[in-house]
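Undergrad: First the structure, which I've put down as structure tokens, then a few questions once you've had a look.
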Amino acid sequence: MADKCPECGSQNLSTDSRRAEKTCIKCGLVLEERQIDTTQEWRAFDYEQKQKRDRTGSFLTYTRHDKGLSTSIGDQGYSDLYKLAPSKRAAFYRLKRWHRQVSTATERNLRYALSELDRISSAIGLPKNIRETTALIYRKAVTRGLVRGRSMESVVAAALYAACRKHNVPRTLDEIAEGSGVKKREVGRTYRFITRELGIKLLPTSPIDYISRFSSELKLSPKTQERAIAILKSAQGKDLISGRGPTGVAAASIYVASTLESEKRTQREVAEVAGVTEVTIRNRYKELIEELGIEDKMAEAAA
């Protein structure tokens, strides 16, 4: 849209909604005409009114096999069917059944895979943007023929893990495997395969991403969370994190922070929340307190 008159350079412009024109007040030049009003001309005071008056379909989404663009024969008006002859009524039901059927193998695969995606996402509690990204990754895998020879569940789980990594949503491979019912090794193998074939480049997971969720499950205060994050940042500065599992390092930092802030949690409690062993926490814990020089503080807090 023009912000000044090209004829006289004036910025004193006027919009006439009745004539659908935009004119310059100084020289009278018509800058735009036949403008389209994109606002709605009706009001809705509740959800039912909006549904009745809305004349557009649902938004585009990758979580539907048809991307939400197709129409469907609804269930409204079924009471009027009994006014028809039995043959016409049977034809309607037959048409509705045929309408629900998908034609190609790809569409059938997408329908089953995306329903599986909804199930896993609901079980783990993942937001909608993760589902959209997962569906997009899975569609690319189907287009490239990467699903052939692999179970649909493993590819969906691998795409879901990749989406979580991409959006920095902390979910471990164990959680994805448990929610999908696929073995952890199979999910990891499929994840590495599709990210390599699709050229998806993901940064390594940071232990800091897990602090908030683990601390919340352990019911730790914000001060303890900040202390754990500070410990991890100090460990990053001394290169103590690279080459080690992010969940184990995060769990160890939470254990140290909870002890220092007098909100001590046992190693078993932290291990259960983080999904790691107590041995892992002890190993990472010893490395942190020795390299960061907080052994004396830990001894005083534990006393």
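The values are calculated or read from the model by the stated rules, or taken from the named source; none is laboratory data. No experiment lies behind these values; they were computed from the predicted model shown. No Cβ is skipped: glycine too gets one built from the backbone with ideal geometry, and neighbour counts run over all protein chains shown.
Undergrad: Exactly one of (1) of a type in the set (Ser, Thr, Tyr); (2) modelled with pLDDT under 90; (3) surrounded by fewer than 19 Cβ atoms within 10 Å (Cβ to Cβ) is unmet by residue 172. Its number?
TA: (3)
Undergrad: What do you reckon, is residue 265 among the basic types (Lys, Arg), part of a loop (DSSP other than H, G, I, E, B) and touching a residue at least 12 places away in the same chain (Cβ under 8 Å)? Walk me through it before giving the result.
TA: Details: among the basic types (Lys, Arg): yes; part of a loop (DSSP other than H, G, I, E, B): yes; touching a residue at least 12 places away in the same chain (Cβ under 8 Å): yes.
Yes: the conditions hold for residue 265.
Undergrad: Now a separate question. Going by the structure shown, is residue 66 surrounded by 12 or more Cβ atoms within 10 Å (Cβ to Cβ), part of a loop (DSSP other than H, G, I, E, B), out of contact with any helix residue (DSSP H, G or I) (no Cβ under 6 Å at 6 or more places or on another chain) and modelled with pLDDT under 70?
TA: On the way: surrounded by 12 or more Cβ atoms within 10 Å (Cβ to Cβ): yes; part of a loop (DSSP other than H, G, I, E, B): yes; out of contact with any helix residue (DSSP H, G or I) (no Cβ under 6 Å at 6 or more places or on another chain): yes; modelled with pLDDT under 70: yes.
Yes, satisfied.
Undergrad: Take residue 224 and tell me if it is buried (at least 17 other Cβ atoms within 10 Å of the Cβ), modelled with pLDDT under 90 and outside any loop (DSSP other than H, G, I, E, B).
TA: no
Undergrad: A further question follows. Just wondering, is there one or more residues in the stretch 224-237 that are under 29 Å from residue 176 (Cβ atoms) and more than 29 Å from the chain's Cα centre (by Cα)?
TA: So far as the stretch 224-237 goes, yes, one or more of its residues are under 29 Å from residue 176 (Cβ atoms) and more than 29 Å from the chain's Cα centre (by Cα).
Undergrad: What helices (runs of 4 or more DSSP H), lying completely within the stretch 151-201, carry at least 2 residues that are of a type outside the set (Asp, Glu) and without any contact (Cβ under 8 Å) to a residue 24 or more places away in the chain? Can you show your working first?
TA: Values: elements: 152-166, 173-180, 184-198.
Of the helices (runs of 4 or more DSSP H) lying wholly inside the stretch 151-201, those with at least 2 residues that are of a type outside the set (Asp, Glu) and without any contact (Cβ under 8 Å) to a residue 24 or more places away in the chain span 173-180, 184-198.
To keep it simple, each residue is scored yes or no on (1) of a type outside the set (A, V, I, L, M, F, W, C); (2) out of contact with any Leu (no Cβ under 9 Å at 6 or more places or on another chain).
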{"residue": "134", "(1), (2)": "yes, no"}
{"residue": "150", "(1), (2)": "yes, yes"}
{"residue": "158", "(1), (2)": "no, yes"}
{"residue": "207", "(1), (2)": "yes, no"}
{"residue": "223", "(1), (2)": "yes, yes"}
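Undergrad: Follow-up. Could you tell me whether residue 253 is hydroxyl-bearing (Ser, Thr, Tyr) and not in a helix (DSSP H, G or I)?
TA: On the way: hydroxyl-bearing (Ser, Thr, Tyr): yes; not in a helix (DSSP H, G or I): no.
So residue 253 fails the test.
One line per residue, one yes/no per condition, for (1) under 14 Å from residue 181 (Cβ atoms); (2) within 12 Å of the chain's Cα centre (by Cα):
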| residue | (1), (2) |
| --- | --- |
| 108 | no, no |
| 124 | yes, yes |
| 146 | no, no |
| 152 | yes, no |
| 158 | yes, no |
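Undergrad: Cβ-Cβ distance below 6 Å, separation of 6 or more or different chains: which pairs start in the stretch 230-253 with a residue that is in contact (Cβ under 8 Å) with a residue 24 or more places away in the chain and closer than 18 Å to residue 277 by Cβ and end on one that is among the polar types (S, T, N, Q) and outside any loop (DSSP other than H, G, I, E, B)?
TA: Close Cβ pairs (under 6 Å, with a partner that is among the polar types (S, T, N, Q) and outside any loop (DSSP other than H, G, I, E, B)) amount to 248/280.
Undergrad: Considering only residues that are assigned to a helix (DSSP H, G or I) and surrounded by 19 or more Cβ atoms within 10 Å (Cβ to Cβ), which ones fall in the stretch 117-129? Spell out how you get there, then give the answer.
TA: So the first thing to find is which residues in the stretch 117-129 are assigned to a helix (DSSP H, G or I), and the list is 117-124, 128-129.
Residues satisfying the conditions are 117, 120, 121.
Undergrad: If I ask for residues that are assigned to a helix (DSSP H, G or I) and among the hydrophobic types (A, V, I, L, M, F, W, C), which ones from the stretch 135-150 would you list?
TA: Taking the stretch 135-150 and keeping what is assigned to a helix (DSSP H, G or I), we get 135-143.
Scanning the stretch 135-150 gives 135, 136, 137, 141, 142.
Undergrad: When residue 132 is evaluated against the numbered criteria (1) within 19 Å of residue 67 (Cα to Cα); (2) in a loop (DSSP other than H, G, I, E, B); (3) not aliphatic (A, V, I, L, M), which criterion, by number, is the only one it fails?
TA: All conditions pass for residue 132, except number (2).
Undergrad: Suppose we filter the stretch 268-303 for residues that are assigned to a helix (DSSP H, G or I) and touching a residue at least 40 places away in the same chain (Cβ under 8 Å); how many remain? Lay out the reasoning, then the answer.
TA: Let us first name the residues in the stretch 268-303 that are assigned to a helix (DSSP H, G or I), namely 268-274, 278-292, 295-302.
Add one more test, that the residue is touching a residue at least 40 places away in the same chain (Cβ under 8 Å), and what stays is 269-270, 273-274, 284, 287-288, 291-292, 298, 301-302.
Within the stretch 268-303, residues that are assigned to a helix (DSSP H, G or I) and touching a residue at least 40 places away in the same chain (Cβ under 8 Å) number 12.
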